[in-house]
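*Asks:* Dropping a structure here in structure tokens format, bear with me for questions.
The numbers here are math on the coordinates, done by the rules we state, and not lab data. For clarity, every value in this text was computed on a predicted model and none was experimentally measured. Every residue, glycine as well, gets a Cβ built from its backbone with ideal geometry; the counts of neighbours run over all protein chains shown.
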Amino acid sequence: GAVRAARRGDPLPLARLSVRGAGAAGLAPRPDDVRASGAAGLARRPDDVRASGAVGVARQSEGGVNRVRNAATTCEELLFPWARDAPPELRARQALARSRALAPAQTAPFGRRTALTGGVSPVCVRWPTASPAPPASVALPQGIPALLLAGEQDLRTPLEDAQAIAGRLGPSAQLVVVRHVGHSVLGADPSGCAHAAVAAFLAGGRAPACGNVQRVVAPTAAPVRSVTKLRPYRGLSGRPGRTLTAASRTVSDAQRARLSSLIADGGARVAGLRGGTATSDAEGLRLRRYSYVPGVAISGLVSRDASAPVQLRVTGRSAARGSFTVAGGRIAGRLGGRSFDIPASPPAAARAASRSGDGALPPFPRLARIP
């Protein structure tokens, strides 16, 4: 959803995802790091390289990542679009030439500039080479037990690479693919299946399959940029109904953002896509003018107690202002001067709306049960 939104001219979802990912990896850039991230980053002067976020080796360890070791091993061991023994200026020209030769389909939905500068090439273009180029192909040992863990959605070390390595190792290799998980399987798999696979392998047995791991957070639709683009909540027409739909999506987004923050760095406070904050405490998730749809801000507490009512206040220039309570499978309150008492949309209705393109998120009663 974030990529689709960016392509439609709304960069905030992708920016928030980028910031969250950088924070999780302990690689959040400093303000002056931006100077080395442009399209011309490969051809900058040597002293500019010091401004690169990935080459800020003075910050040797942040978030568990030793930046010196990471840069040294990455630049030494990866294959790059330049001759290994070429000087930096020639490397940059070779990389530019290789990027221009890429077909659009090879970098879609991004362009050649992203393919060239979005990874570690700006870092490694000036990194000294410490060893000769490795041989083109090396036969891997056969008959040695090996366990390979792969996240089905890993973009950094793709599943296809793990499958190829397993094939080269022969029948003694065990490949365990964890569904709905990306990079760093052991740390990102909430089911514990990957850890169970390691334990079984070290005990001399067959690692269990992880094909039944359930998705923790489903993909989201691209966020709307106006409350007028939303369908009214079932049972409430007009602007109040659209505001209630916006509120449902806002609380859902806050829950998703909180869950992502827990997985990434254990933080208790997250920022709204369009403004405001959500803070987790002993009582639950507390929203303070949290905004997901432009011009609609939600405040209130989503309790940790699944049986407790959810009381929310709606403000914002585009909203039908007011407040409402979710309890006992019903939503009652007053929005835009209009009182209502309607049933909360059942899950089946939410799924039908999603299939129709509305991208509806879970209904309010389910939200109160999310830990």
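*Asks:* Excluding Ser184 itself, calculate the net charge of residues whose Cβ lies under 10 Å from the Cβ of Ser184, where each Lys or Arg counts +1 and each Asp or Glu counts -1. Don't skip to the answer; put the middle values down first.
*Replies:* Working: positive: Arg156; negative: Asp154, Asp189.
Around Ser184, the surrounding residues sum to -1.
*Asks:* Right, another one. Residue by residue, what Karplus-based ³J(HN,Hα) values in Hz, rounded to whole numbers, does the range 67-84 have, using 6.51, -1.76 and 1.60 with θ = phi - 60° and x for Gly and Pro?
*Replies:* 5, 5, 5, 4, 5, 5, 6, 5, 6, 7, 9, 7, 8, 10, x, 8, 5, 4
*Asks:* Rounded to the nearest 0.05, what FRET efficiency do Leu202 and Thr73 have when you use their Cβ-Cβ distance and R0 = 22 Å?
*Replies:* Numbers: r = 25 Å, r/R0 = 1.14.
It comes out at approximately 0.30.
*Asks:* Between Gln214 and Leu301, what is 0.36 nm times their sequence separation minus the Cα-Cα distance? Round to one decimal in nm.
*Replies:* 28.6 nm
*Asks:* Work out how much length Ala146 to Ala115 would gain on full extension: take 0.36 nm times their residue separation and subtract the Cα-Cα distance, in nm to one decimal.
*Replies:* Length difference between fully extended and current span is 7.9 nm.
*Asks:* Run the numbers for Lys229 and Asp281: contour at 0.36 nm per residue of separation, minus the present Cα-Cα distance, in nm.
*Replies:* Computed gain between Lys229 and Asp281 is 15.4 nm.
*Asks:* Still on this structure, I have one more. Please give the FRET efficiency for Ala222 paired with Arg84, using the beta carbon to beta carbon distance and R0 = 56 Å, rounded to the nearest 0.05.
*Replies:* With R0 = 56 Å, the Cβ-Cβ based efficiency is 0.85.
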